[in-house]
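**Student:** Supplied in structure tokens, the structure appears directly below.
Values in this text are rule-based calculations from the coordinates and carry no lab data. As the structure is a prediction and not an experimental result, all values here were calculated from the model. Positions of Cβ are backbone-derived with ideal geometry, glycine not excepted, and every protein chain shown enters the neighbour counts.
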Amino acid sequence: MSENAIELQSVEKHYRGFTALGGVDLTIERGEMLALLGHNGAGKTTLMKILLGLTRVSAGRVRVLEQPPATSGAVALRAHIGFLPENVVFAGGMTGREILHMFARLKGQPRASADSLLERVGLAGAADGPVRTYSKGMRQRLGLAQALIGSPRLLLLDEPTTGLDPTLRQAFYAILADMQHEGTTILISSHVLTELETRTDRIAIMNRGKLAACNTLDGLYREAGLPVRVRVEV
Ligand code: ATP
């Protein structure tokens, strides 16, 4: 079995002449947590859509959990991938529990697994209230619970902590640390380095569809020729 959960070689994605990804090489090991950092439009979401098999590459080679993502096996592959899109929206009239039961059913998982995930993300007490009454942090935790249904081997999280205050971010990352401890590979995108620098194994920096750097935090400092690093917990 390969040690790598994700392998991208010279991946390009063009939209009618516009280059969203201009030749990306990236490998993510099994059990690694990798931060994908970049400004708006850098190509982070496009990369995740490729990994999910939602859009095809224009050129290059992709392997996700040892398979090409956009094949007839894509549905089976997606069963092993949890995805939390940016700004996820749920039907406000449904309760958190109803929503999670629905996703569990779609993924062929028992309701009980959804109930235990509600506890895991700290929503058990609010699970029977309508989602329209949830705070932003509660909705994000519901989104994470949705992504965790079926115990995926790979988690793709697209800017999951946007709009969360520091306390909620801490709680969110504590759950991710537990998932990683259990062996899940995690790819998490963000605009903010300080949020991820001490929580992830490596940081990939994207700029205009290219990977500008990919290294540990210490490695990035070395590459930049900076001797001193100040740790900031956000
Ligand atoms: P954000 O932080 O704003 O989500 P991002 O890093 O996720 O940005 P992408 O959404 O991957 O960036 O977009 C990369 C570039 O590709 C952007 O310039 C975007 O406008 C363009 N793009 C994305 N999807 C399409 C599409 N379907 N058709 C045309 N252009 C697209």
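**Student:** Obtain the radius of gyration and the Kirkwood radius of the stretch 1-131 from its C-alpha atoms and give Rg over Rh.
**Tutor:** Working: Rg = 17.5 Å, Rh = 16.9 Å.
Dividing the radius of gyration by the Kirkwood radius yields 1.03.
**Student:** Considering amide H positions built from the backbone, and no H for Pro or chain starts, which residues 5 or more places from G23, or on another chain, come under 5 Å of its amide H?
**Tutor:** Those lying under 5 Å, H to H, from G23 are V11, E12, K13.
**Student:** Which ³J(HN,Hα) values, rounded to whole Hz and listed in residue order, are derived for the stretch 212-219 from phi using the Karplus coefficients 6.51, -1.76 and 1.60 in 6.51 cos²θ - 1.76 cosθ + 1.60 with θ = phi - 60°, glycine and proline given as x?
**Tutor:** Each residue's phi maps through the Karplus curve to give 6, 6, 8, 6, 5, 4, 4, x Hz.
**Student:** Let me ask something additional. Report the relative contact order of the stretch 167-217, percent, no decimals, based on alpha-carbon pairs under 8 angstrom and at least 6 residues apart. Display every interim value, and only then the final one.
**Tutor:** Working: 27 pairs, mean separation 11.1, N = 51.
Answer for the stretch 167-217 is 22 percent.
**Student:** Taking only the alpha carbons of the stretch 64-193, what extent do you get along each of the three principal axes, in Å, biggest first?
**Tutor:** Ordered largest first, the stretch 64-193 gives principal extents of 40, 36, 24 Å.
**Student:** If you plug each phi of the stretch 176-190 into the Karplus form 6.51 cos²θ - 1.76 cosθ + 1.60 with θ = phi - 60°, what whole-Hz ³J(HN,Hα) values come out, in order, with x for Gly and Pro?
**Tutor:** Values per residue, Gly and Pro as x: 5, 4, 4, 4, 5, 4, 7, x, 6, 8, 10, 10, 10, 9, 6 Hz.
**Student:** Sort the following peptides by mean Cβ neighbour count (other Cβ atoms within 10 Å, averaged over residues), highest first: 21-32, 210-221. Write out the running numbers ahead of the final one.
**Tutor:** Numbers: 21-32: 18.3, 210-221: 15.6.
Ranking, from highest mean packing down: 21-32, 210-221.
**Student:** Sticking with this one: So for the chain, what are the equivalent ellipsoid semi-axes in whole Å, largest first, each being the square root of 5 times an eigenvalue of the Cα gyration tensor? Intermediate results must be reported in sequence, preceding the final value.
**Tutor:** Details: eigenvalues 167, 98, 52 Å².
Values for the chain, descending: 29, 22, 16 Å.
**Student:** Continuing with this model, one more query. Averaging over every viewing direction, what projected area does the convex hull of the Cα atoms of the stretch 163-234 cover, in nm²?
**Tutor:** On the way: hull surface 22.6 nm².
Over all viewing directions, the stretch 163-234 projects a mean Cα-hull area of 5.6 nm².
**Student:** Another question, if that's okay. What number of lysine-lysine pairs in the chain show an alpha-carbon separation below 27 angstrom, given a sequence spacing of 8 or more or placement on distinct chains?
**Tutor:** Final tally of qualifying lysine pairs is 10.
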